[in-house]
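Inspection log for the structure reproduced underneath, given as structure tokens.
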Amino acid sequence: MENFSITLCFALLLLIFTYHSILIIIFSKKRKLLINDYEKLLNLKNWYEKISEEASRSYIIERVEKRGNELINQLNLLNANLIAIQEKQKKLQEQQQKLHSNLLEEHKLLNQYFENYS
């Protein structure tokens, strides 16, 4: 019975750490994708800023303003997504801490039980 409890505790710990590792991998991949998208948007922004006087100034100004507003909206969306991901990650880390604390408390109670039982 004692071996089963210890095995159960270690299995729960392993499950928690595996879950946390998978979440870290997922969020780091999403963050890399967001960073790549952000860099692409910055490159597009720089390209539009370098447009020469090949077309009329009013056309360029209208197109740059339109594209600039689109870029600003996309950057705001990316920023909002990044903040949401960071908040989710923080919540998941808090949940993991609670699970870990609960697991340690259960392990402590099991140890007390077996000490009293024997």
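Assorted remarks:
- Here the chain is scanned for GluC sites (Glu not before Pro) in DSSP loops (not H, G, I, E, B) that have at most 12 other Cβ atoms within 10 Å, and the longest stretch holding none of them is 55-118.
- Unsatisfied cross-links (Cα-Cα over 30 Å) in the set Lys45/Lys91; Lys29/Lys98; Lys40/Lys90; Lys30/Lys66; Lys30/Lys108; Lys29/Lys91: Lys45/Lys91; Lys30/Lys108
- Volume per residue of the C-alpha convex hull in the chain, rounded to whole Å³: 68
- The residues of region 67-117 present an accessible area of 79 Å² per residue when probed at 1.4 Å with all protein chains retained.
- Exposure of Ser101 as accessible area (Å², to 10), given a probe of 1.4 Å and all protein chains: 70
- Annotation: for a label point projected 7 angstrom from Cα along Cα→Cβ of Leu41, residues of region 65-91 with backbone N closer than 19 Å are 65-88.
- Sulfur and carbon atoms: percent of accessible area, the chain [1.4 Å]: 59
- The distance between label points at Gln93 and Asn111 comes to 2.7 nm (points 7 Å beyond Cα on the Cα→Cβ vector).
The values are calculated or read from the model by the stated rules, or taken from the named source; none is laboratory data. Please read these numbers as outputs of a predicted model, since none were measured by experiment. Counting neighbours? That spans all protein chains shown, and the Cβs are built from the backbone with ideal geometry, glycine included. Just so you know, the surface numbers come from the protein's heavy atoms only, side chains and all, with ligands and any DNA or RNA stripped out. Shrake-Rupley method; radii C 1.70, N 1.55, O 1.52, S 1.80 Å.
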